[in-house]
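Following: one structure in structure tokens, then a few remarks.
The values are calculated or read from the model by the stated rules, or taken from the named source; none is laboratory data. Values in this document were obtained by computation on a predicted structure and should not be read as measured data. Here Cβ is always computed from backbone atoms with ideal geometry, including for glycine, and neighbour counts include all displayed protein chains. Note: areas computed on protein heavy atoms with side chains; ligands, DNA, RNA excluded. Shrake-Rupley method; radii C 1.70, N 1.55, O 1.52, S 1.80 Å.
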Amino acid sequence: MKPSELVSYLSSIVVSEIKLSVMIWGAPGIGKSSIVKALCETHGLSFIDLRLSQLAPTDLRGLPVPKSDRSCWLPPDFFPSSGRGVLFLDEINLAPPAIQGVAQQLILDRRVGSYELPEGWFVWAAGNRKEDRSAVFDMPSPLANRFIHLDVSPSPEDFRQYAYRNEFDDRLISFITFREDLLHKMLVGENAWPSPRSWQMADVLMKAGLDISPAIGLGPAAECYAYIELTQEVPDLDKIVKGNSDVAFPKEPSLKYAATMGLVARCKEVSDVLNCFHWLIDNASAEWVQLFATDIFPLLRSRKQLEIVHEKLLSDAKLKEFLMDFTRLMSM
């Protein structure tokens, strides 16, 4: 599933108060941990990130302490004692079998030793797959059978929405749209390689005027810089956003991506969106208008501007015709 589908699925689990344990599988760098953390913030849940690979079995079970003529287990202080939240066992299959074995009881029975997880808490876990060249242990069948298993893969569309919301450099956004295969590509023999996580690091480096190759690798960085060099001839997008439509749509494919993604990134007001729609409908083929709409509509929804824009589109004959065609296309 895509990251956005994972968010929707996990949200339903939270709303329905389903306390079955969840295992999220996916390649490194696609944002499994950040998705869970952001979802907790959205739902007002506490978030405890527990790395089992850094613990010993006694760290989970607790320490034995005398009590009368017997001993009991004193639970660790990182376990929650009240409230609602997600106990997140990140990189669970990096933990050796001994610690995974102790975790089984926590995952299935919501208790370990003398500790019992409060009713309001969910137990979720995440891990990488062997094919991702991760140094992971096999998950024992009894432990695997205690989880709901969800597989998540990187999505260019989801990444673009994340990048727009976090104001990435639009040249990076358009490059990744132009070369979707470089959104996530593990490079054999290299320490740096492109992933959603490393593209975020590349954005930070680019805004500081630094080389982005230490984040995404030499080859992808060289291609990105070559693309940016080509897109220097992109039209003045700020003028288009403000209503100056006396500009031709580019003919070269890389410039088309740069112009379309750049317009999405620059639309802050409702009037900006309408100006861009008018310019694209007048100057570009349908596929580029649709790409702009595909990216701008979810962004407007997140800003709570979609209903206003929808009303404006319907009040304009030319824009209304496009909206009807786009709606029919999306429903097919």
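Annotations
- Our analysis of the stretch 92-212 gives Rg over Rh at 1.10, with the two radii drawn from alpha carbon positions and Rh computed by the Kirkwood formula.
- For q = 0.21 Å⁻¹, Debye-computed log10 I/I(0) when each Cα of the stretch 160-306 counts as one equal scatterer: -1.29
- The trypsin sites (Lys or Arg not before Pro) found in the stretch 220-290 that occupy coil by DSSP, while having at most 12 further C-beta atoms within 10 Å, are Lys251, Lys268.
- Burial ranking of peptide ranges 188-198, 117-127 (average Cβ count within 10 Å, highest at the top): 117-127, 188-198
- Surface accessible to a 1.4 Å probe, Met324 within the full protein complex, Å²: 80
- Alpha-carbon Debye profile of the stretch 158-204, log10 I(q)/I(0) at 0.13, 0.17, 0.18, 0.26 Å⁻¹: -0.27, -0.45, -0.50, -0.97
- Exceeding the 21 Å Cα-Cα cut-off - candidates Lys207/Lys242; Lys32/Lys185; Lys2/Lys37: Lys207/Lys242
- Share of carbon and sulfur in the accessible heavy-atom surface of the chain [1.4 Å probe, %]: 53
- Compactness of the stretch 211-292, expressed as Rg and Dmax over alpha-carbon positions, Å: 14.2, 42
- Under 5 Å from the amide H of Val86 lie the amide H atoms of Ser46, Phe47, Ile48, Phe122, each residue being 5 or more positions distant or on a separate chain, with H modelled from the backbone and absent for Pro and chain starts.
- Mean Cβ count within 10 Å, highest first, over the residues of peptides 104-110, 311-317: 104-110, 311-317
- Across the stretch 305-318, rounded Karplus estimates of 3J(HN,Hα) from the backbone phi angles (6.51 cos²θ - 1.76 cosθ + 1.60, θ = phi - 60°) give 10, 5, 4, 5, 5, 4, 5, 5, 4, 6, 7, 10, 4, 5 Hz, Gly and Pro being marked x.
- For the stretch 250-332, the fraction of alpha-carbon pairs in successive 5 Å shells from zero, as %: 3, 14, 29, 27, 18, 7, 1
- Rounded to 10°, Cα long-axis angle of helix 253-266 versus longest principal axis of the chain: 70
- Aspartates and glutamates whose Cα lies under 13 Å from that of Lys239, excluding same-chain neighbours fewer than 8 positions away: Asp272
- Calculated diffusion of the chain, Stokes-Einstein form, Kirkwood radius summed over Cα pairs, 37 °C and 0.692 mPa s, µm²/s: 145
- Whole-number accessible area per residue in Å² for the chain, which is evaluated in the context of all protein chains at 1.4 Å: 50
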